[in-house]
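Nothing in this text is a laboratory measurement; each read-out follows from the coordinates by a stated rule. All of these numbers come straight from a predicted model, not from anything done at the bench. Cβ sites come from the backbone with ideal geometry, for glycine too, and all protein chains shown count toward neighbours.
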Amino acid sequence: MLTSFGNFQNAETFSINSKGIIYVVDSETNEIFALDTLGNELNHTGGFGWAASAFDQPIDLFATSLNVYVTDKNNHRIQRLDNDLNFISELTTRNKGNDEDSFGYPLSAATSSLGELYVLDSENIRVIKFNIFGRFISNFGGYNYGIFALKNPTKLAISKNNDVYVLDGKKLIRFDQFGNGNNIRKLDNDFTNIRIYNDNLLLNSKDEIYLLNLNTPDSFLSKLFLFGCALNYPIKAAVIFNNKLYVLTEEEISVFTDN
């Protein structure tokens, strides 16, 4: 069964929290939308700018039961909103004199089960880890990380056991929560996004979606076949939530069930 909803101009990515609230980034309007799983709009915020709750190319977001973390790329910051999309705080470290925690043009961010925030820093090509209060803990994946050094990272995601997965060109690199590299998976596709919810890791290209069950993290990726659908490609992101597959395209979200 397939249903669809939404009327976005150029959706970039989305995240679903444990309450079933869907948060969508529209990069055309620099807005964030909150929807329920039936597609009803609950709230929205944003617009182009530099002030609180304004954005300049929001490129990623990550939603928890309490907060929404928006990767505000060209403003060099991560904005933290509450579930109703009210501004709470921002994290910005660029040009503050500490090379260890400085990030610019961030591409992705997510929190661990401990509330630690991981930011994918495209200016210095590394991941930076902050504690729940926004204080620097460490960075990893930089040029001195040998075979685990990042080259062309685009997105990151965190599993429920706090492993950090980074999509890096045609590689999926796994670090533990302390930043130690422990696995490199070579990829055959040009994947553009990664999403994790519970035990399901989804990778998508512009026209395909692959699933990895994190209970067996070293197994093969399984391609998902979307039978009987007419998606308005390209695919932007995909998430499995409550045994339903949610697929985001530029204009809408399509929901697939087994019924």
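Give me the one-decimal nm value for the distance between modelled label points at residue 40 and residue 138, 7 Å along each residue's Cα-to-Cβ direction.
That separation, rounded to one decimal, is 4.5 nm.
Multiply the residue gap between residue 3 and residue 57 by 0.36 nm, knock off their C-alpha separation, and tell me the result in nm, one decimal place. Don't jump to the answer; show the numbers that get you there.
Values: separation 54, 0.36 × 54 = 19.44 nm, distance 2.88 nm.
Full extension from residue 3 to residue 57 adds 16.6 nm.
Can you list the chymotrypsin sites (Phe, Trp or Tyr not before Pro) in segment 151-259 that are in a DSSP coil and have 11 or fewer other beta carbons within 10 angstrom?
On the way: sites: 165, 175, 178, 191, 197, 210, 220, 225, 227, 241, 246, 256; in loops: 178, 191, 220, 225, 227.
Those that pass, being in a loop and sparsely packed, are 178, 220, 225, 227.
Amide H of residue 124 versus every other amide H placed in the peptide plane: which residues, excluding those fewer than 5 positions away on the same chain, fall under 5 Å?
104
Loop-only check: which trypsin sites (Lys or Arg not before Pro) in segment 20-117 are DSSP coil with at most 10 other Cβ within 10 angstrom?
Filter output for segment 20-117: 96.
Please report 81, 35, 214 as a ranked list, fewest other C-beta atoms within 10 angstrom at the top and most at the bottom.
Numbers: 81 25, 35 21, 214 16.
Fewest-to-most Cβ neighbours within 10 Å comes out as 214, 35, 81.
Taking the chain as a Gaussian network, Cα atoms linked when under 10 Å apart, which of 177, 79, 57 shows the biggest mean-square fluctuation?
Highest fluctuation among the options: 177.
Using alpha-carbon positions, what is the distance between the centroids of segment 44-74 and segment 1-41, in Å?
Using only Cα atoms, the two centres lie 14 Å from each other.
Using a simple spin-label model with points 7 Å from Cα along the Cα→Cβ vector, what separation in nm is obtained for residue 96 and residue 162?
Placing both labels 7 Å along Cα→Cβ, they lie 2.2 nm apart.
Can you list residues from other chains, or at least 5 along the same chain, whose modelled amide H is less than 5 Å from the amide H of residue 43?
Counting only residues 5 or more places away or on other chains, the set is 34.
In what sequence do 122, 219 fall when counting other Cβ within 10 Å, fewest first?
Values: 122 19, 219 10.
Lowest count first: 219, 122.
Would you mind checking the pairs 155/206; 171/244; 129/244; 96/171; 96/151; 19/244 and listing those with alpha carbons more than 22 angstrom apart?
Where the Cα-Cα span goes over 22 Å, the pairs concerned are 171/244; 129/244; 96/171; 96/151.
Could you put 108, 89 in order, starting from the residue whose Cβ has the fewest other Cβ atoms within 10 Å?
Numbers: 108 28, 89 12.
Fewest to most other Cβ atoms nearby, the residues stand as 89, 108.
Compare 114, 61, 202 in a GNM of the chain, Cα atoms joined below 10 Å, and give the one with the largest fluctuation.
114
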